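Participant: What follows is a single structure, and I will ask about it in a moment.
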Amino acid sequence: NAGVTQTPKFQVLKTGQSMTLQCAQDMNHEYMSWYRQDPGMGLRLIHYSVGAGITDQGEVPNGYNVSRSTTEDFPLRLLSAAPSQTSVYFCASSYSPGATTDTQYFGPGTRLTVL
Amino acid sequence: AQSVTQLDSQVPVFEEAPVELRCNYSSSVSVYLFWYVQYPNQGLQLLLKYLSGSTLVKGINGFEAEFNKSQTSFHLRKPSVHISDTAEYFCAVRGSYGGATNKLIFGTGTLLAVQP
């Protein structure tokens with residue numbers, strides 16, 4: 001299994017540009033989520049999905065869109081990039097959305113810089 | 001709602017010395033507790049978790065943590081660290097009730113810097 005994969009690893013955008021961060025998992029996990037990691041702030045949940053066709057907002061959803069058309073993929077879209085979105089983005093997945101004992105598996109991250 | 005506090009943003013320690021990384025949580029419900037480790041330029045991986053039962057939990061790479069309900073703490077310990085333990089460590093909490101809205105809440109992280 002490849003686990004959770006993310007592309008690209010690095011990206012530089014100009015203010016106002018849009019882009020999509022890709023996330024895929026091959027573990028047949030129902031639950032997928034996106035976090036951003038900023039210095040001194042830990043990981044904050046952006047959006048999550050409990051299965052194909054179902055998404056919901058996390059703690060910091062503004063400026064981001066998601067969709068979940070398949071179990072495997074959970075892309076994160078930046079509609080109009082802003083410098084405040086400079087961060088490291090992590091995708092994570094786990095078996096069941098309601099199972100509180102589940103371990104979340106993280107991708108390697110995408111480092112995004114918005115100029 | 002739950003919250004997590006990691007009081008130390010950075011912990012420098014010499015190789016082969018013991019270390020303790022502190023984590024305190026607040027919650028109005030029963031919780032499950034987790035420690036994740038992030039090596040440089042990598043994603044997070046689970047180190048250990050407390051769900052129920054024995055309050056002393058053993059994880060990978062010789063780490064262990066003790067759940068203390070009265071002090072609402074879940075400190076991470078290792079009796080002898082190695083250079084390879086240099087990483088950022090995140091404590092996380094989740095309510096023990098079910099449902100997709102039950103989020104995993106992370107602390108701000110502690111950078112463990114092991115020096116030779």
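The values are calculated or read from the model by the stated rules, or taken from the named source; none is laboratory data. Please read all numbers here as calculations on a predicted model, not as lab measurements. Here Cβ is always computed from backbone atoms with ideal geometry, including for glycine, and neighbour counts include all displayed protein chains.
Participant: Condition check: buried (at least 16 other Cβ atoms within 10 Å of the Cβ) and assigned to a loop (DSSP other than H, G, I, E, B). Does residue A:47 satisfy that?
Facilitator: Numbers: buried (at least 16 other Cβ atoms within 10 Å of the Cβ): yes; assigned to a loop (DSSP other than H, G, I, E, B): no.
No, not satisfied.
Participant: Another question, then. Name the pairs whose Cβ atoms lie under 8 Å apart, with the first residue in region B:80-109 and over 17 Å from residue B:27 (Cα atoms) and surrounded by fewer than 16 Cβ atoms within 10 Å (Cβ to Cβ), the second modelled with pLDDT of 90 or more and not aliphatic (A, V, I, L, M), and 6 or more positions between them or separate chains?
Facilitator: B:80/B:16; B:80/B:18; B:80/B:62; B:82/B:15; B:82/B:16; B:83/B:15; B:83/B:116
Participant: What do you reckon, is residue A:85 surrounded by 15 or more Cβ atoms within 10 Å (Cβ to Cβ) and closer than 17 Å to residue A:114 by Cα?
Facilitator: Numbers: surrounded by 15 or more Cβ atoms within 10 Å (Cβ to Cβ): yes; closer than 17 Å to residue A:114 by Cα: yes.
For residue A:85, the condition - surrounded by 15 or more Cβ atoms within 10 Å (Cβ to Cβ) and closer than 17 Å to residue A:114 by Cα - is met.
Participant: Working carefully through the options B:20, B:64, find the one that is at pLDDT 95 or above and surrounded by fewer than 16 Cβ atoms within 10 Å (Cβ to Cβ). Full working, then the answer.
Facilitator: On the way: B:64 fails: surrounded by fewer than 16 Cβ atoms within 10 Å (Cβ to Cβ).
Unique residue meeting the criteria: B:20.
Participant: Has region A:88-105 got any residue that is more than 8 Å from chain B (Cβ to nearest Cβ), of a type outside the set (Val, Ile, Thr), touching a His at 6+ places or on another chain (Cβ under 7 Å) and under 19 Å from residue B:106 (Cβ atoms)?
Facilitator: Yes, there is a match, as at least one residue in region A:88-105 is more than 8 Å from chain B (Cβ to nearest Cβ), of a type outside the set (Val, Ile, Thr), touching a His at 6+ places or on another chain (Cβ under 7 Å) and under 19 Å from residue B:106 (Cβ atoms).
Participant: Can you tell me which residue within region B:28-45, out of those that are surrounded by fewer than 18 Cβ atoms within 10 Å (Cβ to Cβ) and in contact (Cβ under 8 Å) with a residue 40 or more places away in the chain, is nearest to the chain's Cα centre (by Cα)? Show your work before the answer.
Facilitator: Quick first cut of region B:28-45, residues surrounded by fewer than 18 Cβ atoms within 10 Å (Cβ to Cβ) only: B:28-30, B:39-42, B:45.
Now drop any that are not in contact (Cβ under 8 Å) with a residue 40 or more places away in the chain, which leaves B:29-30, B:39-40.
Numbers: B:29: 19, B:30: 17, B:39: 14, B:40: 17 Å.
So, considering only residues that are surrounded by fewer than 18 Cβ atoms within 10 Å (Cβ to Cβ) and in contact (Cβ under 8 Å) with a residue 40 or more places away in the chain, the one nearest to the chain's Cα centre (by Cα) is B:39.
Participant: Something else: Would you point out the residue of region B:63-116, among those that are part of a loop (DSSP other than H, G, I, E, B), polar (S, T, N, Q) and away from every other protein chain (no Cβ under 14 Å), that is farthest from residue B:45 (Cα to Cα)? Let's see the steps before the verdict.
Facilitator: As a first pass, look at region B:63-116 and keep what is part of a loop (DSSP other than H, G, I, E, B): B:63, B:69-72, B:79-82, B:86, B:96-104, B:107-109, B:116.
Checking which are polar (S, T, N, Q) leaves us with B:70-72, B:80, B:86, B:96, B:101-102, B:108.
Subsequent filtering for residues that are away from every other protein chain (no Cβ under 14 Å) retains B:70-72, B:80, B:86.
Details: B:70: 28, B:71: 26, B:72: 23, B:80: 21, B:86: 14 Å.
Among residues in region B:63-116 that are part of a loop (DSSP other than H, G, I, E, B), polar (S, T, N, Q) and away from every other protein chain (no Cβ under 14 Å), the one farthest from residue B:45 (Cα to Cα) is B:70.
Participant: Can you confirm whether residue A:15 is surrounded by fewer than 15 Cβ atoms within 10 Å (Cβ to Cβ), in contact with a helix residue (DSSP H, G or I) (Cβ under 7 Å, 6 or more places away or on another chain) and outside any strand (DSSP E or B)? Show your work before the answer.
Facilitator: On the way: surrounded by fewer than 15 Cβ atoms within 10 Å (Cβ to Cβ): yes; in contact with a helix residue (DSSP H, G or I) (Cβ under 7 Å, 6 or more places away or on another chain): yes; outside any strand (DSSP E or B): yes.
Yes; evaluated as a whole, the condition is true for this residue.
Participant: Turning to a different aspect of this structure: Consider only pairs whose beta carbons are under 9 Å apart and that are at least six residues apart or on different chains; among these, list those whose first residue lies in region B:46-59 and is more than 10 Å from chain A (Cβ to nearest Cβ) and surrounded by 12 or more Cβ atoms within 10 Å (Cβ to Cβ) and whose second residue is assigned to a loop (DSSP other than H, G, I, E, B) and among the basic types (Lys, Arg).
Facilitator: If the second residue must be assigned to a loop (DSSP other than H, G, I, E, B) and among the basic types (Lys, Arg), the pairs left are B:55/B:69.
Participant: So, one more: So is residue B:17 outside any strand (DSSP E or B) and in contact with a Ser or Thr (Cβ under 8 Å, 6 or more places away or on another chain) or not? I'd like the intermediate steps shown before the answer.
Facilitator: Values: outside any strand (DSSP E or B): yes; in contact with a Ser or Thr (Cβ under 8 Å, 6 or more places away or on another chain): yes.
It is true that residue B:17 is outside any strand (DSSP E or B) and in contact with a Ser or Thr (Cβ under 8 Å, 6 or more places away or on another chain).
Participant: Next question. Scan region A:57-77 and tell me whether some residue there is within 23 Å of residue B:106 (Cβ to Cβ), small (Gly, Ala, Ser), within 14 Å of chain B (Cβ to nearest Cβ) and not in a loop (DSSP other than H, G, I, E, B).
Facilitator: no
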